[in-house]
1. Might you let me know whether the stretch 54-61 holds any residue that is at pLDDT below 90, surrounded by fewer than 16 Cβ atoms within 10 Å (Cβ to Cβ) and not aliphatic (A, V, I, L, M)?
2. Restricting to the stretch 78-109, give me the number of residues that are within 17 Å of Ala38 (Cβ to Cβ) and in a helix (DSSP H, G or I).
3. Within the stretch 59-77, is even one residue part of a loop (DSSP other than H, G, I, E, B) and without any contact (Cβ under 8 Å) to a residue 40 or more places away in the chain?
4. Return yes when Pro151 is assigned to a loop (DSSP other than H, G, I, E, B), more than 20 Å from Leu83 (Cα to Cα) and not basic (Lys, Arg) and no when it is not.
5. Say whether the condition of being at pLDDT 85 or above, in a helix (DSSP H, G or I), within 25 Å of Leu159 (Cβ to Cβ) and of a type in the set (A, V, I, L, M) is met by at least one residue in the stretch 11-24.
6. Suppose we filter the stretch 140-153 for residues that are surrounded by 14 or more Cβ atoms within 10 Å (Cβ to Cβ) and free of Cβ contacts under 8 Å to residues at least 24 places away in the same chain; how many remain?
Amino acid sequence: MQHRSAETAPKLRADAARNRERVLAAAKAVFSAGGPDASLEAVARRAGVGIGTLYRHFPTREALFEAVYRREVTHLTDLAEELRSAPAPVEALRRWLRSNVEFVATKKGMSAALALAVHGSSELYAYTFDRLTKAVGALLERAVAAGEIRPDIGPEDLLRTLVGMCYMHDQPGWQASVLRMVDVFVDGLRVRSPGRRSGGAKEANRRRRPRKHARCP
């Protein structure tokens, strides 16, 4: 009998899944803009669901924060998987790192609750660190194998650097600044080709050329 009644269950489960996804997407937007004190009523309104539906999926504010956090981690790992087939390995790595800046912007609005959630749950910390390390590691390995990124950098190095760049995320204009720094960082990791080195030598020669106009004393 349970198998027969399941004919109608998938629709209910699909509706519930859609409601849950709407709540998570709305929560990301509301908390990113309004911080951890943004109301759950505002989340429900943006998602187009009743507050009872929100609490049915997420009985506490912390549960909603953690679910948004996990959702963003999943999106980043899915993006890394998509980018593994991109034609330009370095640009794929750059795009993934830049997407992490938006993730930090989402976390910014939930930082207090997330700090409690992460420190109170070693499983959540392990889940996050393991998945993000593997995601960026796959992109990094591909760029190194292509001879485009220096081989003495590990995925943990990339994540630590990104966290450091985003440290002052409470300052105005931080996001645009960090995106610029991500570009500088990635360009600095690139393996320099002989052509680029010779270009630098040519520039040095040009600077030395007008020596006839000045004599050493």
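1. Taking the stretch 54-61 as the starting set, the residues that turn out to be at pLDDT below 90 are 60-61.
Of the ones still in play, those that are also surrounded by fewer than 16 Cβ atoms within 10 Å (Cβ to Cβ) are 60.
Checking which are not aliphatic (A, V, I, L, M) leaves us with 60.
Scanning the stretch 54-61, I find at least one residue that is at pLDDT below 90, surrounded by fewer than 16 Cβ atoms within 10 Å (Cβ to Cβ) and not aliphatic (A, V, I, L, M), so the answer is yes.
2. So in the stretch 78-109, the residues within 17 Å of Ala38 (Cβ to Cβ) come out as 105-109.
Retained after the next criterion (residues that are in a helix (DSSP H, G or I)): 105-108.
Matching residues across the stretch 78-109 total 4.
3. Going through the stretch 59-77, the residues part of a loop (DSSP other than H, G, I, E, B) turn out to be 59-60.
If we keep only those that are without any contact (Cβ under 8 Å) to a residue 40 or more places away in the chain too, we end up with 59-60.
Looking for residues that are part of a loop (DSSP other than H, G, I, E, B) and without any contact (Cβ under 8 Å) to a residue 40 or more places away in the chain, one finds at least one in the stretch 59-77, hence yes.
4. On the way: assigned to a loop (DSSP other than H, G, I, E, B): yes; more than 20 Å from Leu83 (Cα to Cα): no; not basic (Lys, Arg): yes.
No; evaluated as a whole, the condition is false for this residue.
5. yes
6. Taking the stretch 140-153 first, the residues surrounded by 14 or more Cβ atoms within 10 Å (Cβ to Cβ) are 140-144, 148-149, 153.
Subsequent filtering for residues that are free of Cβ contacts under 8 Å to residues at least 24 places away in the same chain retains 141, 144.
Looking only at that region, the number is 2.
The values are calculated or read from the model by the stated rules, or taken from the named source; none is laboratory data. Owing to the predicted nature of the structure, the values given are computational and were not obtained by experimental measurement. Every residue, glycine as well, gets a Cβ built from its backbone with ideal geometry; the counts of neighbours run over all protein chains shown.
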